[in-house]
Amino acid sequence: MRLFDAHNHLQDARFGGQQDELIADCVAVGLSRMVVNGTCESDWPAVAALAKRHDCVLPSFGLHPWFVHERSPEWLAKLGQQLDDCPAAVGEFGLDRWKPGLGYDGQEEVFTAQLCLAAERDLPASIHCLKTWGRLHELLRDGPLPKRGFLLHSYGGPTEMVEPLAKLGAYFSFPGAFAHERKTRQRDAFRQVPADRLLIETDAPDQAPPENRVTHPLGQGVNHPANIAAVYEATVELLGQAPDDLAKRVEENFVRIFGG
């Protein structure tokens, strides 16, 4: 099967500079493409460098809400230049009222600027949202939105919002962490995701699957992106689909939003 990771952070320093070896492991388990998401101005060059070295890496550049307070006055111009040099995807960006001590001031301004940038260039957008789903829906509803759609990575919102968000163009990616028994509500929401809007992600180095599902342990809670195969397996069990059928559908969805 051809596997596709819709969202990870392969540039993360927790991988200890072993990215090339990690990608080799991913290719060995059948991974064809992965979207590697930048989160701040300082890590965009590392994402671009990975894309230049590895054809399987689709780079995405964004300013994550956790780093809004660190942005430079020129952040948006820098992001535009990065996309001029490497036009692929915008993200990870979003809204967050969950992280302790994180201020909300500036988040909506930064979110809207990046959403507009994705819409202007019709690039896929990878969106983070925690504890602010109603406001996110309002901002998305008021647009503009990229015609090719946007990804709600690691969707943890209410089940009843799946349909209205899908109508706006949302895709929803299932992470390995949702296979943990305590994530019942999140799994219930994914059962309502339309088949043509489902994607799968590792969010590596975060959101590792349950320990008994991990195929590529790295220790210290670091999630190896080659665990993508285990996430596919968990999704197959969740949805009761044949592995080949699920893989084909996810590939079609990935190509539709992110390109071939």
Handout entry: Cut-off 14 Å between beta-carbons: net charge of the residues surrounding residue 33, Lys and Arg +1, Asp and Glu -1
Key = -3
Problem - Candidate aspartates and glutamates for bridging to residue 131, where Cα separation is under 16 Å - those fewer than 8 sequence places away on the same chain excluded - result: 96, 105, 108, 160
Completion exercise
Residues other than residue 130 with Cβ under 10 Å of its Cβ, Lys/Arg counted +1 and Asp/Glu -1, net out at +2
Completion exercise
Around residue 106 (Cβ within 12 Å, Cβ-to-Cβ, excluding residue 106; K/R +1, D/E -1) the net charge comes to -4
Fill in the blank from the handout: From the cross-link list 167/248; 78/167; 99/183; 99/147; 52/78, the entries with a Cα-Cα span beyond 24 Å are 78/167; 99/147
Problem - Cβ-placed point charges (K, R +1; D, E -1), dipole of the chain about Cα centre in debye, nearest 20 - result: 460 debye
Practice task
Before rounding to the nearest 500, sum -39500 (n - 2.57) across all DSSP H runs of length at least 4 in the chain and divide by the residue total; then give [θ] at 222 nm in deg cm²/dmol.
Solution key: -11500 deg cm²/dmol
Fill in the blank from the handout: The equivalent-ellipsoid semi-axes of the stretch 1-91, taken as the square roots of five times the Cα gyration tensor eigenvalues and listed largest first in whole Å, are 24, 13, 11
Exercise for the section: For the stretch 119-194, run through the trypsin sites (Lys or Arg not before Pro) and keep only the ones in DSSP coil with at most 14 other Cβ atoms within 10 Å of their Cβ. Expected result: 131, 147, 182, 191
Problem - Mean Cβ count within 10 Å, highest first, over the residues of peptides 29-35, 79-85, 1-7 - result: 1-7, 29-35, 79-85
Exercise for the section: Would you kindly state the longest site-free stretch of the chain, with sites defined as GluC sites (Glu not before Pro) in a DSSP loop (not H, G, I, E, B) surrounded by at most 15 other Cβ atoms within 10 Å? Expected result: 75-180
Fill in the blank from the handout: Per residue, the convex hull enclosing the alpha carbons of the chain has a volume in Å³ of 118 Å³
Exercise for the section: Quick one: pull the percent of accessible area on the stretch 132-179 belonging to carbon and sulfur, 1.4 Å probe, ligands and nucleic acids left out. Expected result: 49 percent
Exercise for the section: Could you provide, to the nearest whole Å², the per residue accessible area of the chain with probe 1.4 Å? Expected result: 43 Å²
Handout entry: By average C-beta atoms within 10 angstrom, highest first, the peptides 14-20, 44-50, 58-64, 212-218
Key = 58-64, 44-50, 212-218, 14-20
Practice task
Quote the Stokes-Einstein diffusion coefficient, in whole µm² s⁻¹, for the stretch 55-139, based on the Kirkwood radius over alpha carbon pairs, a temperature of 20 °C and a viscosity of 1.002 mPa s.
Solution key: 162 µm²/s
Practice task
State the Cα centre-to-centre distance between the stretch 78-133 and the stretch 1-50 in whole Å.
Solution key: 19 Å
Problem - For the stretch 96-156, with +1 on Lys and Arg beta carbons and -1 on Asp and Glu, the positive-most of 155, 133, 104 along the dipole - result: 155
Problem - Cβ-placed point charges (K, R +1; D, E -1), dipole of the stretch 18-106 about Cα centre in debye, nearest 20 - result: 160 debye
Fill in the blank from the handout: Share of Cα-Cα pairs in the stretch 75-187 beyond 22 Å, whole percent, is 33 percent
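The values are calculated or read from the model by the stated rules, or taken from the named source; none is laboratory data. Because the structure is a prediction, the values reported are computed rather than measured. Counting neighbours? That spans all protein chains shown, and the Cβs are built from the backbone with ideal geometry, glycine included. All accessible areas refer to the heavy atoms of the entire protein, side chains included, with ligands and DNA or RNA removed. Shrake-Rupley method; radii C 1.70, N 1.55, O 1.52, S 1.80 Å.
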